[in-house]
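Encoded as C-alpha cells, the structure appears first; notes follow it.
No lab work stands behind these numbers, since they all come straight from the coordinates. Predicted model only: the values in this text are computed from it and were never measured. Here the Cβ positions follow ideal geometry from the backbone for every residue, glycine too, while neighbour counts run over all protein chains shown.
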Amino acid sequence: MNSQDQGIASAAQAMIAQWLRNYLANLLEYDGVLSDTLSFERMGLDSSAIVGMVGDLGDWLGHAIDPSAAYDNTSIGALSSALAGDPAIRCAFEGRGEDFNDEVRAS
C-alpha cells in the first residue's frame, strides 16, 4: 500500500469507527464514550442487531458488507480497521472524504 492509500485507509478507519460509535450510542441509548475494544456482544448486541448495523453501515458507505465481517472483527476498532483495509471500501472514500465527514458529524 502506498502512502496515499495508507492516508486514505487511516481516514477511512477513523470515520468508520466514529460512524459505528455514533450508531451504537444511538441504538443502545448510551451517552458515554464507547470503547473501540469492547465486543459487540458485550455491548449487548444480538445477531439481528449486528446484521442491521452492518447493513446500515454498508448503506452509508455505498458498498455492501458481508455480515460475517462483524463476526470476524467483533469490536468497533477491529471492524473499522478491517473495512478500511479493503480496497473497495477505500475507493468509496477517495472522492467523498468531506461528504463522509459531514455525514459522520450529522449522525
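Distances between placed amide hydrogens fall under 5 Å for LEU45 paired with no residue 5 or more residues away or on another chain. Taking the average, over residues, of other Cβ atoms within 10 Å as the packing measure, peptides 60-68, 83-91, 27-35 rank 83-91, 60-68, 27-35 from highest down. For region 37-86, taking Cα atoms only, Rg and Dmax work out to 10.1, 28 Å respectively. Evaluated at q = 0.16, 0.22 Å⁻¹, a Debye calculation over the C-alpha positions of region 3-106 (equal weights, vacuum) places log10 I(q)/I(0) at -0.63, -1.22.
Close amide H contacts of ILE65 (hydrogens built in the peptide plane, cut-off under 5 Å, sequence separation of 5 or more or a different chain): GLY58. In percent, rounded to a whole number, the relative contact order of region 3-106 is 39, using alpha-carbon pairs under 8 Å and six or more apart.
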